[in-house]
1. Would you work out if segment 41-157 is rounded, prolate or oblate? Take a ≥ b ≥ c from the square roots of the eigenvalues of the alpha-carbon gyration tensor; rounded if a/c is under 1.5, else prolate when a/b is larger than b/c, oblate otherwise.
2. Find how much the distance from S83 to A97 grows on full extension, using 0.36 nm per residue of separation minus their present alpha carbon separation; answer in nm with one decimal.
Amino acid sequence: MSWQATWLSESRFAAGSWTRARGEAALRQSESQFRTVFESANDEIYIWDLEGRFLEVNGVACWNLGYSREELLQMCIEDIDASAGSYPARDLALMPAGQVFEAVHVRKDGALVPVEISARRFEFKGLPAILGVARDIAARKRVEAEMALRARSWSGPERRRRRPIAPRAIS
């Protein structure tokens, strides 16, 4: 083999190694950015497969439900869903546009937490999956209940019995 052929072969090898190393560095950076965004969210983020098994969860999900990440990754949707069947898994599997719905999660200590879930189908690590973002709506539900109670008290029988104040004639 001539020196030119050897040089060309070594140059190609070096270029291939450099390209591969650059690609691997870009992949690591992309994964790091994904993890940063995933863990910086204020809401619970879940990724589950079409069978309902969790593939990934963020720290907020772990904190709010009281489970470790490892525990949640061994679980499925039915394990945390108190509103039996509120997750429309089959519909989500067919609808890439996604859905927003309410559900009730069960914490590890048994406490019930109402949540609003925004979920949609996407591809995760080359496989179809569901991305779900859950927001605790317990405070909103309390306010809605208080407002409904006030509305009933204003329109109830007591309200109807009161006589309106008649305007006085000005003399």
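1. Prolate shape, in that a/c is at least 1.5 and a/b is the bigger ratio.
2. Using 0.36 nm per residue and subtracting the Cα-Cα distance, I get 2.7 nm.
Computed from the coordinates by the stated procedures, all read-outs in this text should not be read as laboratory data. Here the structure is a predicted model, which means the values were calculated and not measured.
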